[in-house]
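**Student:** Mind looking over this structure? Questions follow.
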Amino acid sequence: MRRRHSGAAASLAALVLLGPLSGCGSAGSGGDGPLTLVAAEYGDSPATSSKGYWDGITAAYEKAHPGKRVEVKLYPWADVDREVTRMVEEGEAPDMALMGAYSDFAADGLLYEAGDVLSVSAEANFLPPLVEAGSVDNKLYGLPFVASTRLLFYNEDLFDEAGLSAPKTWKDLEKAAEALKEDGVRTPYALPLGPEEAHAEAMIWELSNGGGYTDASGGYSLASDRNVETLEWIRDELVAPGLTGPVPPSKLNRQDAFAAFLRGEVGMVNGYPSLLREARDKGIRVGTVAMPVSDALPAGEVPPTMGVADWMMAFKENGNDEEIGAFLDFVYRDANLSTFARRYHLLPSTITASRTPAGGGLDAGHEQFLTALHGAQLYPVNKPSWLQVSNVIKRSIGSAVEPGGSPRGVLEKIAEQARDAAERS
């Protein structure tokens, strides 16, 4: 039987927070030593650093549970996966890690299940779509922390000037892009298929045509006919007529697309809650709608929205299940989780923290993203090969929509590399 721990059974406390590091992390705790948490840095400046959040959490925890310590180390998103993998390979796994993937560690038997560390109420509180994505063989290893969904953003001023309404289908989107171009808009639709987050943009489009990265059985379906048709449509109806930009899609990263939208140069872009906040802060009137769907979809078929989550995981190496559980139960309290989600304009991962006002409330305008999350499809992060597969997608899928590009050829090559990665995992 799995051990369960109540939220009150804590013996954790004073946290020593280290800022973003580039050196080696210390080994996980044992005995009376501190617990270790390696976490991704969500901020982009000292003023927005995650350090401020963890400082507050640790101070509150120390006051309530004196006598123990936790060391938190922050790494940039570009480095955190590599650093945690290095620590594990060197026999110095942290007690906990917060990052974008977990399943490779779960597959190697290195992680506690949620029920080994969390209280019953904490484990039962996660939003169902996130539980599904965080589970391997129906066992929850990836504890969802924060999440987001993607909606189509459009500049309302540019749409009003062109006499447009929000698009509902691909054909609507194409016609809107053409009208924006005729009206002098530099980039009617920003299509970020560059190496930063091409796997997100591609999945958004594929889902809207009834495709996606996996099939009903959970296996990869990267080169499905529907996915091929999606990329062919993008190539022929958006890229070839010059309706995308401001650089070729394979060169355009998400942050550059967002920056252009915030300058008022982009008519449409797929975005998430923090972009909505930034745009409104700059005085840009933004409309948001679900991603327009393929005109070829059967009437009444509503494809899922794409969702993204970040994952907390607990490593077995140091045997600190009770201490880890005590700390995580504290971190996942509504007020603490909501504070982090609001700080970075993301969605909390639990049912109670997502309520208004029970969990501290959501930012204005975030309810639509939360509604989309309930029916969202996430990356197949529970596949141990996903990290490798997503990297292949990031590097290569943009070439499929270039003039003369071969969507089927590119997708079949990605699928072949996915099969190889799955065999090795």
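The values are calculated or read from the model by the stated rules, or taken from the named source; none is laboratory data. Note that the coordinates shown come from a computational prediction; the quantities given were computed from them, not determined experimentally. FYI the Cβ positions are ideal-geometry reconstructions off the backbone, even for glycines, and counts take in every protein chain you see. For accessibility, only protein heavy atoms count, side chains too; no ligands or nucleic acids. Shrake-Rupley method; radii C 1.70, N 1.55, O 1.52, S 1.80 Å.
**Student:** Look through Leu337, Leu297, Leu275 and report the one residue that is hydrophobic (A, V, I, L, M, F, W, C), in contact with a Ser or Thr (Cβ under 7 Å, 6 or more places away or on another chain) and touching a residue at least 40 places away in the same chain (Cβ under 8 Å).
**Tutor:** Testing whether each residue is hydrophobic (A, V, I, L, M, F, W, C), in contact with a Ser or Thr (Cβ under 7 Å, 6 or more places away or on another chain) and touching a residue at least 40 places away in the same chain (Cβ under 8 Å) leaves just Leu337.
**Student:** Continuing with the same structure: Are any residues in segment 395-408 open to solvent by 50 Å² or more (accessible area, probe 1.4 Å) and either without any contact (Cβ under 8 Å) to a residue 12 or more places away in the chain or closer than 17 Å to Pro192 by Cα (or both), and if so, which ones? Write out each step before concluding.
**Tutor:** So the first thing to find is which residues in segment 395-408 are open to solvent by 50 Å² or more (accessible area, probe 1.4 Å), and the list is 395, 402-404, 406, 408.
Once the filter is applied, which keeps residues that are open to solvent by 50 Å² or more (accessible area, probe 1.4 Å) and either without any contact (Cβ under 8 Å) to a residue 12 or more places away in the chain or closer than 17 Å to Pro192 by Cα (or both), segment 395-408 yields Arg395, Glu402, Pro403, Gly404, Ser406.
**Student:** Looking at Ser390 and the list (1) of a type in the set (S, T, N, Q); (2) open to solvent by less than 10 Å² (accessible area, probe 1.4 Å); (3) outside any helix (DSSP H, G or I), which single condition is not satisfied?
**Tutor:** (3)
**Student:** Scan segment 150-176 residue by residue and report those that are of a type in the set (D, E, K, R) and more than 21 Å from Arg263 (Cβ to Cβ).
**Tutor:** Lys168, Lys171, Asp172, Glu174, Lys175
**Student:** A further question follows. Taking Leu411 as the residue in question, decide whether it is open to solvent by 10 Å² or more (accessible area, probe 1.4 Å), aliphatic (A, V, I, L, M) and modelled with pLDDT of 90 or more.
**Tutor:** Working: open to solvent by 10 Å² or more (accessible area, probe 1.4 Å): no; aliphatic (A, V, I, L, M): yes; modelled with pLDDT of 90 or more: yes.
The answer is no for Leu411.
**Student:** How many residues does segment 275-321 contain that are closer than 15 Å to Trp205 by Cα and of a type in the set (Gly, Ala, Ser)?
**Tutor:** Residues meeting the conditions: 4.
**Student:** Can you find, within segment 50-72, the residue that is most open to solvent (accessible area, probe 1.4 Å) among those that are of a type outside the set (A, V, I, L, M, F, W, C) and closer than 17 Å to Phe145 by Cβ?
**Tutor:** Per the criteria, the residue is Lys51.
**Student:** Let me ask something else about it. Does Tyr75 satisfy the condition of being more than 15 Å from Leu328 (Cβ to Cβ), touching a Lys or Arg at 6+ places or on another chain (Cβ under 9 Å), touching a residue at least 12 places away in the same chain (Cβ under 8 Å) and of a type in the set (Phe, Trp, Tyr)?
**Tutor:** yes
**Student:** With Asp310, Asp363 as the choices, which residue is at pLDDT below 90 and open to solvent by 10 Å² or more (accessible area, probe 1.4 Å)?
**Tutor:** Asp363
**Student:** Separate question: Does Glu41 satisfy being touching a residue at least 24 places away in the same chain (Cβ under 8 Å), open to solvent by less than 40 Å² (accessible area, probe 1.4 Å), out of contact with any helix residue (DSSP H, G or I) (no Cβ under 9 Å at 6 or more places or on another chain) and not aliphatic (A, V, I, L, M)?
**Tutor:** Working: touching a residue at least 24 places away in the same chain (Cβ under 8 Å): yes; open to solvent by less than 40 Å² (accessible area, probe 1.4 Å): yes; out of contact with any helix residue (DSSP H, G or I) (no Cβ under 9 Å at 6 or more places or on another chain): no; not aliphatic (A, V, I, L, M): yes.
In short, no.
**Student:** Looking at (1) under 18 Å from Gly375 (Cα atoms); (2) touching a strand residue (DSSP E or B) at 6+ places or on another chain (Cβ under 7 Å); (3) of a type in the set (S, T, N, Q), which is the one condition that is false for Thr187?
**Tutor:** Unmet for Thr187, out of (1) under 18 Å from Gly375 (Cα atoms); (2) touching a strand residue (DSSP E or B) at 6+ places or on another chain (Cβ under 7 Å); (3) of a type in the set (S, T, N, Q): (1).
**Student:** I'd like to know if segment 99-116 contains one or more residues that are open to solvent by 10 Å² or more (accessible area, probe 1.4 Å), among the polar types (S, T, N, Q) and touching a residue at least 60 places away in the same chain (Cβ under 8 Å).
**Tutor:** No: zero hits.
**Student:** Pull up segment 202-232, narrow it to residues that are in contact (Cβ under 8 Å) with a residue 60 or more places away in the chain and open to solvent by 50 Å² or more (accessible area, probe 1.4 Å), then point me to the one that is nearest to Gly267 (Cα to Cα).
**Tutor:** In this case the residue turns out to be Glu232.
Listed here are the residues, each with its yes/no results for (1) surrounded by fewer than 20 Cβ atoms within 10 Å (Cβ to Cβ); (2) over 23 Å from Ala372 (Cβ atoms); (3) touching a Lys or Arg at 6+ places or on another chain (Cβ under 7 Å).
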{"site": "Phe315", "(1), (2), (3)": "no, yes, no"}
{"site": "Ala326", "(1), (2), (3)": "no, yes, no"}
{"site": "Arg342", "(1), (2), (3)": "yes, no, no"}
{"site": "Pro348", "(1), (2), (3)": "no, no, no"}
{"site": "Arg355", "(1), (2), (3)": "yes, no, no"}
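**Student:** Restricting attention to segment 298-307, which residues are β-branched (Val, Ile, Thr) and either open to solvent by less than 20 Å² (accessible area, probe 1.4 Å) or assigned to a strand (DSSP E or B) (or both)?
**Tutor:** The answer is none; no residue qualifies.
**Student:** So in segment 157-190, with the set limited to residues that are of a type in the set (S, T, N, Q) and either open to solvent by less than 80 Å² (accessible area, probe 1.4 Å) or not in a loop (DSSP other than H, G, I, E, B) (or both), which one is farthest from Ile284 (Cα to Cα)?
**Tutor:** Among them, the one singled out is Thr169.
**Student:** Next question, about the same structure. I'd like the full set of residues that are assigned to a helix (DSSP H, G or I) and buried (at least 16 other Cβ atoms within 10 Å of the Cβ), limited to segment 278-297.
**Tutor:** Glu278, Ala279
**Student:** Just wondering, is there one or more residues in segment 76-85 that are within 21 Å of the chain's Cα centre (by Cα) and open to solvent by less than 10 Å² (accessible area, probe 1.4 Å)?
**Tutor:** yes
**Student:** Restricting attention to segment 122-147, report how many residues are part of a strand (DSSP E or B) and either open to solvent by 30 Å² or more (accessible area, probe 1.4 Å) or of a type in the set (A, V, I, L, M, F, W, C) (or both). Full working, then the answer.
**Tutor:** Keep residues of segment 122-147 that are part of a strand (DSSP E or B), which gives 126, 135-136, 139-140, 143-147.
Within this subset, residues satisfying the condition of being either open to solvent by 30 Å² or more (accessible area, probe 1.4 Å) or of a type in the set (A, V, I, L, M, F, W, C) (or both) are 126, 136, 139-140, 143, 145-147.
Counting residues in segment 122-147 that are part of a strand (DSSP E or B) and either open to solvent by 30 Å² or more (accessible area, probe 1.4 Å) or of a type in the set (A, V, I, L, M, F, W, C) (or both) gives 8.
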